[in-house]
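Chemist: One structure, as structure tokens, below. Some questions next.
The values are calculated or read from the model by the stated rules, or taken from the named source; none is laboratory data. Quantities reported herein were computed from a predicted structural model and do not represent experimental measurements. For neighbour counting, all protein chains shown are included, and Cβ atoms are generated from backbone atoms with ideal geometry for every residue, glycine included.
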Amino acid sequence: MKINEDFLKSMKEAFELLRTKGPKEATAAVQRALAGGKDNAGKAHTPPMPQSVNEWAQAWTQAQSHANATSSAPSEHTFDADTPGTFSTHTFSNSAGQRQYKLYIPAVYQSDPLPLIVMLHGCTQNADDFAAGTRMNEMAERRGFIVVYPNQSQAANHSTCWNWFKPADQQRDQGEPSLIAGITREVMARYRVDPARVYVAGLSAGGAMADIMLKTSPDLYAAACVHSGLAYGSAKDLPSALAAMKGGKAHRSHPRVEPQRPLIVFHGDADTTVHPSNATALVAGFDSGVTTVATPSTSSHAAGPASGKRGCTVQRLVAANGIEAEVWSIHGAGHAWAGGSQRGTYADPAGPDATVEMLRFFLAHPRVSGMGGTAIPHANEAAQ
């Protein structure tokens with residue numbers, strides 16, 4: 001890795017610490033980064049501690065200048081190099097680790113703030129595969145939104161599953177939720193994003209992590225889509241995760257709370273990987289105003305044997321506080337993204353089109369001004 005890339009990585013970690021931990025930890029990281037280079041005599045130079053916002057800005061400017069001076073080669077991935085209509089690779093780091101992510105900026109990106117959708121892939125998938133199967137980049141061009149695809153690393157999970165079943169990865173500002181939220185905020189800070197229209201979606205393990213993100217960061221995400229996934233807190237380890245996936249009694253490590261954000265759920269009723277009962281668990285807090293509609297007119301295509309498309313039943317629910325949810329039960333479908341393209345894995349072209357229906361639901365549910373949402377407390381806080 002080039003020196004300038006190492007240096008900027010350290011600085012990005014420092015500024016993430018400033019947001020999540022505080023100035024003391026961030027300052028120590030800044031000083032370590034700035035002291036990384038030595039003068040011609042070999043003596044390390046440690047600058048004074050930044051004491052104000054302006055000094056922090058100066059430290060960042062100095063960091064960039066230092067990094068540029070240590071190598072004539074440009075950084076491999078820079079936001080400034082992105083142009084509309086491109087699919088680029090970036091890296092995010094914080095105290096929880098490092099993850100790559102892919103970012104799609106549509107050609108229609110100009111001056112107006114756009115919605116942002118965070119897409120979390122399933123096991124054995126990656127960002128490119130998930131983008132191909134869901135056709136989200138194509139839809140971003142048609143509908144005008146930005147898409148970001150965090151990539152799980154094989155070092156973190158051998159099958160590249162998001163670790164939704166580990167307690168350390170089920171809490172706000174910790175583990176993988178801190179990395180996904182950090183990626184989300186990084187894109188929001190560098191592009192013109194409408195903060196009221198930031199959404200998160202995922203398939204399978206990615207769907208389970210999407211529900212974790214919605215429950216732990218309702219101040220960041222306006223709504224979520226869980227496709228073939230599981231509810232937040234369904235497991236505390238691998239054995240309980242496997243039991244929940246097979247339809248056994250889910251472990252509940254977190255208290256049930258009144259829904260804070262809208263949720264749309266898709267699940268095949270023939271799914272043998274994640275039992276369909278998990279779809280019901282996802283909307284357990286939505287217990288009033290239930291309406292059932294078979295093969296609804298809102299679908300992007302007619303369903304049924306004659307059309308070659310799968311039929312479905314949709315439940316529209318409203319919680320006591322007015323928050324809405326939809327549950328799509330897709331008849332005869334297995335563990336795959338409904339209406340997806342066979343260019344990607346775990347995609348079922350027979351539909352209905354989950355991508356289209358998800359976007360309809362998302363764009364109809366911006367975050368209401370002044371409603372930041374209340375995150376579910378950490379497990380140790382809930383026990384107190």
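Chemist: Among the residues of the range 150-200, what is the count of those that are out of contact with any strand residue (DSSP E or B) (no Cβ under 6 Å at 6 or more places or on another chain), aliphatic (A, V, I, L, M) and within 23 Å of Ala244 (Cα to Cα)?
Modeler: 2
Chemist: Quick check, is His365 in a loop (DSSP other than H, G, I, E, B), modelled with pLDDT of 95 or more and within 28 Å of Pro167 (Cα to Cα)?
Modeler: no
Chemist: Scanning the range 323-366 for residues that are among the charged types (D, E, K, R) and touching a helix residue (DSSP H, G or I) at 6+ places or on another chain (Cβ under 7 Å), which turns out farthest from Val200 (Cα to Cα)?
Modeler: Looking at residues that are among the charged types (D, E, K, R) and touching a helix residue (DSSP H, G or I) at 6+ places or on another chain (Cβ under 7 Å), I get Arg343.
The rows are residues; the columns are (1) within 13 Å of Gly97 (Cα to Cα); (2) acidic (Asp, Glu); (3) in the same structural domain as Gly122 (by TED's automatic domain parsing).
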| site | (1), (2), (3) |
| --- | --- |
| Met139 | no, no, yes |
| Ala156 | yes, no, yes |
| Pro167 | no, no, yes |
| Gln170 | no, no, yes |
| Asp173 | yes, yes, yes |
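Chemist: Give the residue, chosen from Val108, Val147, that is surrounded by 24 or more Cβ atoms within 10 Å (Cβ to Cβ) and either aliphatic (A, V, I, L, M) or not assigned by TED's automatic domain parsing to the domain that holds Leu242 (or both).
Modeler: Criteria check complete, one pass: Val147.
Chemist: Residues to consider are Ser204, Ser178; find the one that is in the same structural domain as Gln100 (by TED's automatic domain parsing) and touching a Lys or Arg at 6+ places or on another chain (Cβ under 8 Å).
Modeler: The conditions single out Ser178.
Chemist: Looking only at the range 118-130, count how many residues are crowded, with 24+ Cβ neighbours inside 10 Å and under 14 Å from the mean Cα position of the chain (by Cα).
Modeler: Within the range 118-130, residues that are crowded, with 24+ Cβ neighbours inside 10 Å and under 14 Å from the mean Cα position of the chain (by Cα) number 6.
Chemist: Let me ask you something else. Please work out if Ala336 is over 24 Å from Pro259 (Cβ atoms) and modelled with pLDDT of 90 or more.
Modeler: Against the criterion (over 24 Å from Pro259 (Cβ atoms) and modelled with pLDDT of 90 or more), Ala336 qualifies.
Chemist: Looking at the range 188-202, which of its residues are surrounded by fewer than 22 Cβ atoms within 10 Å (Cβ to Cβ) and of a type outside the set (D, E, K, R)?
Modeler: Within the range 188-202, Met188, Ala189, Tyr191, Val193, Pro195, Ala196 meet the criteria.
Here's the yes/no breakdown for (1) in contact with a Pro (Cβ under 8 Å, 6 or more places away or on another chain); (2) β-branched (Val, Ile, Thr); (3) in a helix (DSSP H, G or I); (4) modelled with pLDDT under 95:
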position	(1), (2), (3), (4)
Ser253	yes, no, no, yes
Thr280	no, yes, yes, yes
His301	yes, no, no, yes
Gly340	yes, no, no, no
